[in-house]
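Everything below concerns the one structure shown next.
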Amino acid sequence: HAQRRALPPEVLAADSRAIAQRLLALPEMEGARSVFCYVSLPGEVETRPLIGTLLSQGREVLVPRCRAGGEMDLVPISSLDDLTPGAYGIPEPGPDLPAAGHLPDAAVIPALAFDRRGMRLGQGGGYYDRFLARFSGFAAGVCQERFLLDALPAEAHDRPVTCVVTPTEVLRWEVRP
């Protein structure tokens, strides 16, 4: 984490813009009516501008609301103003907003790092592994180049993403590896 936080904010902001542009240009994202997207914390690829763009395009945007037991609700928001600090200080929709009763067409997935097989190193809570285990749609991992590694150790419950988007490249697999 220390290395991640040491990045100059303008570098992270520029990388985040480049990632969002690459992501939005992917056919699966262009065709997605409903997109699940994490809400970024300091040091992570910034998603607020991406969420704003998706909302302005009239898309349904679902964001996570963490529950006990490593599960998360996918909650539709109409604005970034719908977010308040929740579990672990992560901005999330308040309890008054109902969870969606469906899975999205596409998902934007965070990680501390991804590898060139689509495996991810998460924070250890298992929230996104549980989500990916039940989601068969298009799952795009996003990270800066320095967090794209050749290989990460994977356990049986780990689920890969469909593609990984960095500021300079998109790695894709026809089917999840």
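The values are calculated or read from the model by the stated rules, or taken from the named source; none is laboratory data. As the structure is a computational prediction, the values presented were derived from the model and not from experiment. Here Cβ is always computed from backbone atoms with ideal geometry, including for glycine, and neighbour counts include all displayed protein chains. Surface accessibility is based on the protein's heavy atoms, side chains included, excluding ligands, DNA and RNA. Shrake-Rupley method; radii C 1.70, N 1.55, O 1.52, S 1.80 Å.
Points worth noting:
- Here the scattering of the chain is modelled by Debye summation over its C-alpha atoms, one equal scatterer each and no solvent; at q = 0.20 Å⁻¹ the log10 of I(q)/I(0) is -1.61.
- Expressed as a whole percent, the accessible area of region 73-177 that falls on carbon and sulfur atoms is 55 (1.4 Å probe).
- Mean accessible surface per residue for the chain, computed with a 1.4 Å probe while every protein chain stays in place, in Å²: 48 Å²
- Qualifying chymotrypsin sites (Phe, Trp or Tyr not before Pro) in region 68-176, DSSP loop, other Cβ atoms within 10 Å at most 14: TRP173
- Each other residue within a Cβ distance under 14 Å of VAL39 adds +1 if Lys or Arg and -1 if Asp or Glu, for a net charge of -4.
- Label-to-label distance, GLU155 versus LEU103, with points set 7 angstrom from Cα along the beta-carbon direction: 2.2 nm.
- For trypsin sites (Lys or Arg not before Pro), the sites in region 11-46 that DSSP calls loop and that have at most 13 other Cβ atoms within 10 Å are ARG33.
- Sum of side-chain charges, GLY94 neighbourhood, beta-carbon under 12 Å (Lys, Arg +1; Asp, Glu -1): -4
- Rounded to the nearest 20 debye, dipole of region 63-150 from Cβ charges on Lys, Arg, Asp, Glu: 340 debye
- Over the chain, Cα pairs under 8 Å with separation of 6+ residues give a relative contact order of 21 percent.
- Temperature 20 °C, viscosity 1.002 mPa s: under these conditions the Stokes-Einstein estimate for region 27-113, based on its Kirkwood radius over C-alpha pairs, is 162 µm² per second.
- Estimated FRET transfer efficiency (ARG116, ASP96; beta-carbon r; R0 30 Å; 0.05): 0.10
- Point-charge dipole on Cβ atoms (K/R +1, D/E -1) for the chain, about Cα centre, debye to 20: 220 debye
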